[in-house]
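The values are calculated or read from the model by the stated rules, or taken from the named source; none is laboratory data. The shown structure was predicted, so the numbers you read here are calculated from the model rather than taken from an experiment. So basically every Cβ, Gly included, is an ideal-geometry build from the backbone, and we count neighbours across all protein chains shown.
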Amino acid sequence: MPRPLLITADDHLLDDVLRMAAAAGVELTHSRDAGCRTAWRDAPTVLVDEELVGELVAARLGRRPGVVVLARSAPTPATWSASVALGVDRVLEIGQGDVDIVAALADTVAGGPDDGRCIAVVGGCGGAGATVFALALAAAAVRDQPEVLLMDADPTGSGLDALVGIEDRPGVRWTDLTAPTGRLDAHTLLRAVPAASSGGGRIPVLAYPPGRVEPVDAAVAEVVLDGCRRAGVLTIVDLPRHPQPVTDRVLERADLTVLVVPADVRACLAARRLIPVLSESAGRCGVVVRGPSPGGLSAQEVADVLDLPLWARMRALPAVARDGERGIVPSGGPRDALGRAAGAVLDLLDPVAV
């Protein structure tokens, strides 16, 4: 994979940027002048010393995205003029813009900006099966996409980690995270949290520590979600039914919001109370109906009552909870009824993610 390119003849600037590259976890290609046409074309990001912008314009390397000019002090009119001629994205001042420079470099090893996706899962009523379906989504997703994070944001539930029998494993939990001023390395997080194993692969789980039921810090959740999106990670979030600060942050970022509803009248009535919340914050929202129905209510009738598209049907699967106590995770495969329902929802995602 091509490296970010730094163009400077100043050794002090080179040292500064190498330090920032180390913080971002990337290696650079370095050129002292405009004789770098191939690297200019191929590099994911180009950092240019303000002293060499005019030389690059004269070399007619051609415009390209992802060019950042580095200034030693407040940019002068001459720097701005040359930067416009070169077609740069940004001009950043060394010292003042170091966080942004590190972030620009970090994006080059994070799958590119906005490559990841997010699915939020909400139960229409207590015991709807939303947590089980979130797990099924993760199990189905890892069969095709290695980078998946299963996120437990429901402090009132029994815990996603308990569902898959990893609640006692060491690893990072919500209470170990704080909202940084910079960016989160999602790949490091995926390795740090405890993980379950399914037939398709490894499922990292970000959950609460045992015995703690404090709501998730919304700012922390935002940093995690944004970091995972930049890193190309598919994040599946088990949300609480009752709105909390984290709910809006997740729904605003979710590509799909799944409302899981049992096929009975009382569940439909409870789920209808959530529709205003989902309509206000969520983007694309649909329903997964869990049968069987004690009164013969069809899945389509449930969807019609909620005025939401029917995305999938599933049936009650008590064996999932029993298997979880033994560390057995649903396969997520197409031969499994739960896997087929999860696959139907995953198929609705933009294909760049799954």
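Is it the case that segment 135-149 has a residue that's buried (at least 19 other Cβ atoms within 10 Å of the Cβ), touching a residue at least 24 places away in the same chain (Cβ under 8 Å), touching a helix residue (DSSP H, G or I) at 6+ places or on another chain (Cβ under 8 Å) and part of a loop (DSSP other than H, G, I, E, B)?
yes
I'm checking my understanding of the structure. Among residues of segment 248-290 that are small (Gly, Ala, Ser) and under 18 Å from the mean Cα position of the chain (by Cα), which one is surrounded by the fewest Cβ atoms within 10 Å (Cβ to Cβ)?
Only one residue tops the list, namely GLY283.
Conditions first: (1) surrounded by 21 or more Cβ atoms within 10 Å (Cβ to Cβ); (2) assigned by TED's automatic domain parsing to the domain that holds ALA221. VAL53 passes all but one, so which condition is the exception?
The failed condition is (2).
Name the residue, out of ARG340, ARG315, that is modelled with pLDDT of 85 or more and among the basic types (Lys, Arg). First the steps, then the outcome.
Values: ARG315 fails: modelled with pLDDT of 85 or more.
The match here is ARG340.
Name the helices (runs of 4 or more DSSP H) wholly within segment 22-89 that hold at least 3 residues that are in contact with a helix residue (DSSP H, G or I) (Cβ under 6 Å, 6 or more places away or on another chain) and over 30 Å from THR188 (Cα atoms)?
53-59, 77-86
Looking at segment 72-88, which of its residues are closer than 20 Å to HIS30 by Cβ and surrounded by fewer than 17 Cβ atoms within 10 Å (Cβ to Cβ)? Break it down into steps so the answer makes sense when it comes.
Just the residues of segment 72-88 that are closer than 20 Å to HIS30 by Cβ, to begin with: 72, 86, 88.
Result: ARG72, single match.
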